[in-house]
1. List the strands (runs of 3 or more DSSP E) inside segment 176-238, counting only whole elements, that have at least 1 residues being hydroxyl-bearing (Ser, Thr, Tyr) and buried (at least 21 other Cβ atoms within 10 Å of the Cβ).
2. Condition test on residue 117, is it over 18 Å from residue 214 (Cα atoms), over 15 Å from the mean Cα position of the chain (by Cα) and open to solvent by less than 10 Å² (accessible area, probe 1.4 Å)?
3. Within segment 123-162, work out how many residues are in a strand (DSSP E or B) and of a type in the set (Asp, Glu).
4. What is the number of the single condition among (1) surrounded by 20 or more Cβ atoms within 10 Å (Cβ to Cβ); (2) in contact with a helix residue (DSSP H, G or I) (Cβ under 7 Å, 6 or more places away or on another chain) that residue 302 does not meet?
5. If you check 183, 171, which single one turns out to be among the polar types (S, T, N, Q) and over 30 Å from residue 374 (Cβ atoms)?
6. Which count do you get for residues in segment 354-371 that are surrounded by fewer than 20 Cβ atoms within 10 Å (Cβ to Cβ) and either under 23 Å from the mean Cα position of the chain (by Cα) or more than 29 Å from residue 261 (Cβ to Cβ) (or both)?
7. Kindly indicate whether any position in segment 214-225 is within 14 Å of residue 276 (Cα to Cα) and acidic (Asp, Glu).
8. For segment 155-166, which positions are within 17 Å of the chain's Cα centre (by Cα) and either closer than 20 Å to residue 349 by Cα or open to solvent by 20 Å² or more (accessible area, probe 1.4 Å) (or both)?
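The values are calculated or read from the model by the stated rules, or taken from the named source; none is laboratory data. Everything numeric in this text was worked out from a predicted model, so none of it was measured. With ideal geometry, Cβ positions are generated from the backbone for all residues, glycine too; neighbour counts draw on all protein chains shown. Please note that ligands, DNA and RNA were not included when accessible areas were found on the heavy atoms of the full protein model with its side chains. Shrake-Rupley method; radii C 1.70, N 1.55, O 1.52, S 1.80 Å.
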Amino acid sequence: MRTYTGQHAEQTDHAGVGRQTEPISAKGRAGLSTERTDCAYHAAPAANTGVAVQHNRRQRATDDRHWGRILLALALTVSLLAVLAGCGKAAADPEQGGAAKLKLKIADISTNSIFRVAKSKGIFEKHGIDAELVSFATPAEGVNSLFIKQVDVAFGADFPLLNAVSKGDYSIFASSGTATDLSASEWKLFVRKEIKSAAELKGKKLSFSRGTFVPYLWDVYLGQNGVKLSEVKLIGQGGFDEAYVALKKGEIDGAWVYGAVLNEKFAALAEAHELADMSQTPVRLGNGLIAPNELLKNNKAGFVAFVKALDEASAYVQANQEETADIMYKQVKQPKEATLKDLPKNPWKIGFTDKAYNGYKEQKKYMVENKIIEKDFDLNSKLNLDILREAFPDRVIELK
């Protein structure tokens, strides 16, 4: 955005009567006022002095009001630009020869390495992205923060993304390509030690993180084992740490958790043991990227650069796992061995496949049928794949 404020004025001041005066030079407002005062004092004959002085005073008052309005307009313009220079805007970067940079606040979690590596290794900067990472306990919390404009971009599982696009003017514009059997195996089900089979979960209290896909996972897993979702009590919790304490105290009987750090933490509980993992169900968890429609529309080139940066960061992470583990330990104190266990199981490949599309369709159907989404919508209208088609045309499906 460029704001041009200009003033080009030409003034003539004849302070004296019947006597020629010197022309006023363009020396700025202060010079103009001084010259007029001197001219009025020296040029007017005695009979006309009072008239000239009054005229000059009126002229100066008019000028003062004129310049006051200009200064006020400038101040308001500067204030407006300061507001607009916040998140989600393109701005010129002098260090890049004035090339536009896209400023983005990105929702993140402490166990995700992609954004942190992209920022710390200068990959975002290389692609013209001025990124600020905002951390949340779960991806779902990051997605929800879009509603209050705390972030510009979020990532998360199908469930919270579908919930978001059903309620607001947002679009899913890419998938991380993580809906694999290997990634699914990292979702572990821990239950109280006395529970030996899924059938024994009937009547039990089972944890889920609010706003996530976990109720859907419970429904599928229990159904496979002859237990209806209505036959258990789902307990909504704020995150995995809360579930850990509740499982330890016996306030819940089971919880799904993800990642090497949490899996090791829950496995160490004397009161619990691992019963299953998500790869034993048909559920595959795809992660997607979401942003407001207006931001995507007004900054298409910037988002093309953004997804290219993420793809480059993902490749860097897989090729430099030891360094990535060092970065994660330095920034969030995640143990290096945990990062090294997670990375091979969760590589990102930015795109949008049939598998990703079918995952969204199945979960949307479930959410509509169970009144999680109050009003059905056309899924295709909530997918903005033009950005991917420009960045990675061979990785994007054609919507039916």
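1. Because the criterion is at least 1 residues that are hydroxyl-bearing (Ser, Thr, Tyr) and buried (at least 21 other Cβ atoms within 10 Å of the Cβ), the strands (runs of 3 or more DSSP E) in segment 176-238 that meet it are 205-209.
2. Against the criterion (over 18 Å from residue 214 (Cα atoms), over 15 Å from the mean Cα position of the chain (by Cα) and open to solvent by less than 10 Å² (accessible area, probe 1.4 Å)), residue 117 qualifies.
3. Going through segment 123-162 one residue at a time, the tally reaches 2.
4. Result: residue 302 fails condition (2) only.
5. Going through 183, 171 in turn, just one is among the polar types (S, T, N, Q) and over 30 Å from residue 374 (Cβ atoms): 183.
6. Count: 11.
7. Taking every residue of segment 214-225 in turn, none turns out to be within 14 Å of residue 276 (Cα to Cα) and acidic (Asp, Glu).
8. Passing the criteria: 155, 156, 157, 158, 161, 163.
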